[in-house]
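Okay, structure first, notes after.
The values are calculated or read from the model by the stated rules, or taken from the named source; none is laboratory data. No experiment lies behind these values; they were computed from the predicted model shown. Every residue, glycine as well, gets a Cβ built from its backbone with ideal geometry; the counts of neighbours run over all protein chains shown. Note: accessible area is taken over every heavy atom of the protein model, side chains too, but ligands, DNA and RNA are not part of it. Shrake-Rupley method; radii C 1.70, N 1.55, O 1.52, S 1.80 Å.
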Amino acid sequence: MRVAELTALLHLASPALPIGAFSYSQGLEASIEAQWTTNADTTRTWVEDGLLHVLARAELPLIAHQMARWHAQDAAAIAAADAQFLASREAAELGRETEQMGWSLKQLAFSLEWGDEAGRAILAALTPISQPSAYAFAAAAHGLAPDAALAGYAFAWAENQVAAAIKAVPLGQLAGQRILMAARAVIDQAVEQALRTPPDRIHTFSPMLGIFSARHEAQYSRLFRS
């Protein structure tokens, strides 16, 4: 990997990227409230299941296919795939989350002039836009390889989940780092699975995630927006 490509990937995967990822737990906080996630072992299971059974089946393959569509500047296919993903969100919170983060990443792309004018014109027409589609635009605009782009997205997601767990379970910093270390091999599996997934096999069938997200909307006490 070229240094410029690596630094672009680190930039996109950075927790400092101003898209609001830190304010979401994606159902984890409701899982903690229900006492499904109570310690380091159950948090590791939550993170690894999320990578293999949620991201690897939905967001990651969507990003891979959207990157190819962004390179081809196939506006109709990009819009159709994004609309289908948005419609597949299991709970209102998850829908609002991906739209907010997608909007924020879209504004950042415009402000920093990522990509070319034709690509940004297609991006401008997508309202709302999901986070995976906006991320795919950014990854394509920076010339990232699909496997690297997917790994960066997956690691950023896992890192955010661990950061949320450290606050809410709570966990110690060392326990969180052990979970991230273990996640490396799982991310590799998730990326390989995603790259083998054709568009008609993308799905978001994760019932308990939907239930926890819906419960979180009415949770009495919470730290996170979803």
Where does each of 48-54, 156-162 land if you order them by average Cβ count within 10 Å, highest first?
-> 156-162, 48-54
GNM on the chain, Cα springs under 10 Å; top mean-square fluctuation among 203, 216, 11 goes to 11
Packing-based ranking, highest mean first, of 115-125, 24-34 given that Cβ atoms within 10 Å are counted | 24-34, 115-125
Translational diffusion coefficient (Stokes-Einstein; Kirkwood radius from C-alpha pairs) of the chain at 20 °C, 1.002 mPa s, in µm²/s = 122 µm²/s
Inter-probe distance in nm under a simple model that places probes 7 Å from Cα toward Cβ, at residue 214 and residue 201 | 2.9 nm
Accessible area per residue in Å² at 1.4 Å probe, computed on segment 97-152 = 36 Å²
In segment 116-220, if every C-alpha pair distance is counted and binned at 10 Å from zero, what percent goes to each bin?
-> 12, 30, 37, 18, 3
Which of the peptides 170-176, 78-84 is most tightly packed, and how do the rest follow, judged by the mean count of other Cβ atoms within 10 Å per residue?
-> 78-84, 170-176
So, in nm, how far is label residue 71 from label residue 174 when the simple model puts each one 7 Å beyond its Cα toward the Cβ?
-> 4.5 nm
Of 203, 128, 189, farthest towards positive along the dipole that unit charges on Lys, Arg, Asp, Glu beta carbons give the chain = 189
For the chain, which whole percent of the accessible surface, found with a 1.4 angstrom probe, sits on carbon and sulfur atoms?
-> 56 percent
